[in-house]
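The values are calculated or read from the model by the stated rules, or taken from the named source; none is laboratory data. Everything numeric here is computed off the predicted structure, so don't read it as measured data. Calculation scope for accessible area: heavy atoms of the full protein, side chains included, ligands and nucleic acids excluded. Shrake-Rupley method; radii C 1.70, N 1.55, O 1.52, S 1.80 Å.
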Amino acid sequence: MFAGHMGVGLALGRAERRVNVGTFIAAALLLDMVLWVFVLLGWESVVLPADFARTHQPEFVFPYSHGLLAAIGWSAFAGATAFAFHGHLGPARMRVAALMAAAVFSHWLLDALVHRPEMPLAGAASAKVGVGLWQHMPMALAAESAIVVIGLYLFLTGCRLSWGKRAAFATLSLVVLAFTVIGMTMAPPPPSPHVMAASSLAVLVVVCALAGWLARPPGGPTR
């Protein structure tokens, strides 16, 4: 899941307008960024099975990025970081910290919905969970599309961005959604897991950077 996580970040951006929504989107995608970095470092792994061209579903060993215990830890880290860097908001920084932690943990919840039972509760040898909605791809993509559309609507409603930047935000969101649909239905297998990791990490960074840049109104630091 890619676009769905962005949709959650957009929705949380509506909940706290004083924080750049790009930060919430980055938080919602954090576990995947950690995953691809760890794959490149050899700490986690992804396998492209023989039926990848048909299923478009790699197999993961990712206890440090996508285990339940790890996700709780990354969520706490994100919340603590947000609390430390938003002291200018006074008492409201606790709310920001909670929202940032929620953004990170939402990633695990959505992935548990779509992945097969491969998401460990703790270490690699622990029990694994996953509802496996990707086994019913049209339903999974419909749900992900709904999350994106709802998140985009919530964020754009009442925001202070110009119409041009609103249109650009909508375009970015729909491009990410199209990228997700193509990736889960017709994209050819990547040359190798490391190429997959590097290219995926680059795309995530670019999307977060673009969202953060687009969310900056003239004369203001956020939105």
Q: Could you go through the range 21-29 in sequence order and give the Karplus-derived ³J(HN,Hα) for each residue, using 6.51 cos²θ - 1.76 cosθ + 1.60 with θ = phi - 60°, rounded to whole Hz, and x for Gly and Pro?
A: 4, x, 5, 5, 5, 4, 5, 5, 9
Q: Relative to the longest principal axis of the C-alpha atoms of the chain, give the angle of the C-alpha long axis of helix 3-15, reported between 0 and 90° and rounded to the nearest 10°.
A: 20 degrees
Q: Please report, as a whole percent, how much of the solvent-accessible surface of the range 141-192 comes from carbon and sulfur atoms (probe radius 1.4 Å).
A: 79 percent
Q) Quick one: Cα centre-to-centre distance for the range 47-64 and the range 113-132, in angstrom? A) 14 Å
Q. By how many degrees, between 0 and 90 and to the nearest 10, does the Cα long axis of helix 193-214 differ from the longest principal axis of the chain?
A. 10 degrees
Q | Tail beyond 24 Å, pair distance distribution of the chain (Cα, percent) | A | 42 percent
Q: Please list the non-local residues whose amide H lies under 5 Å from the amide H of Met119, H modeled 1.01 Å from N, same-chain partners needing a gap of 5 or more.
A: Val129
Q. Of Ala140, Ala78, Ala92, which is the most mobile in a GNM of the chain whose springs link Cα atoms less than 10 angstrom apart?
A. Ala92
Q: Return one number: the angle in degrees, 0 to 90 and rounded to the nearest 10, between the long axis of the Cα atoms of helix 93-114 and the longest principal axis of the Cα atoms of the chain.
A: 30 degrees
Q) Where only protein heavy atoms count, and the probe is 1.4 Å, what is the accessible area per residue for the range 78-200 in Å²? A) 50 Å²
Q) When only alpha-carbon atoms count, how far does the range 54-161 stretch along each of its three principal axes, as whole angstroms with the largest first? A) 49, 34, 16
